[in-house]
1. Where in the range 47-78 are there chymotrypsin sites (Phe, Trp or Tyr not before Pro) that are in a DSSP coil and have at most 16 other Cβ atoms within 10 angstrom of their Cβ?
2. With θ taken as phi - 60° and the coefficients 6.51, -1.76 and 1.60, list the Karplus ³J(HN,Hα) couplings across the range 84-93 in order, rounded to whole Hz; mark glycine and proline as x.
3. Once phi is turned into ³J(HN,Hα) by the Karplus curve 6.51 cos²θ - 1.76 cosθ + 1.60 with θ = phi - 60°, what whole-Hz value does each residue of the range 101-111 show in order, with x for glycine and proline?
4. When you count, for each residue, the other Cβ atoms within 10 Å and take the mean per peptide, how do 64-71, 36-43 rank with the highest first?
5. Once the piece of chain linking M106 and S77 is laid out straight, how much longer is it, given 0.36 nm per residue of separation minus the C-alpha distance between them?
6. Could you give the length gained by full extension between N42 and L30, i.e. 0.36 nm per residue of separation minus their alpha carbon distance, to one decimal place?
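Every number in this text was worked out from the coordinates using simple rules, so none of it is lab data. Because the structure is a prediction, the values reported are computed rather than measured. Please note: Cβ atoms are built from the backbone with ideal geometry, for glycine as well, and neighbour counts cover all protein chains shown.
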Amino acid sequence: RLLLVRGGVAEMIGFYFFFFAIVAYVALFLLFGIFLSIATRNVVSTFNESRLIAISIYNITFSAIVTIPIVFVLKDSDPFITWIIIVTAFAYGFTATLVLQFVPKMWGIVV
């Protein structure tokens with residue numbers, strides 16, 4: 001049973017549940033990305049994106065390795081700061097992945 005406290009932030013049980021649910025969700029996508037990277041490593045070089053997928057996986061994993069300890073250190077002091085750090089890590093991961101995937105293609109079209 002999850003109880004909400006003042007400000008709409010879940011108690012610690014809710015924090016752990018939702019935090020680890022998000023971590024598991026991202027981990028599943030990382031495993032799928034590893035599968036895609038391995039499956040596409042022998043494709044013709046024009047369509048071969050295994051290197052870009054591997055770099056994106058590294059980027060998101062590095063972000064998680066940095067973010068998770070920081071979140072657990074700061075979770076008791078200020079839930080809002082914890083939320084900001086989690087959202088910033090997600091935004092960085094998705095933005096970096098999109099930039100790594102599409103900027104080289106756009107650069108090839110423009111130049």
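1. F47
2. 4, 5, 5, 5, 5, 5, 5, 4, 5, x
3. 7, 10, 5, x, 5, 5, 5, x, 6, 6, 8
4. Highest to lowest by the protection proxy: 64-71, 36-43.
5. 6.1 nm
6. 2.3 nm
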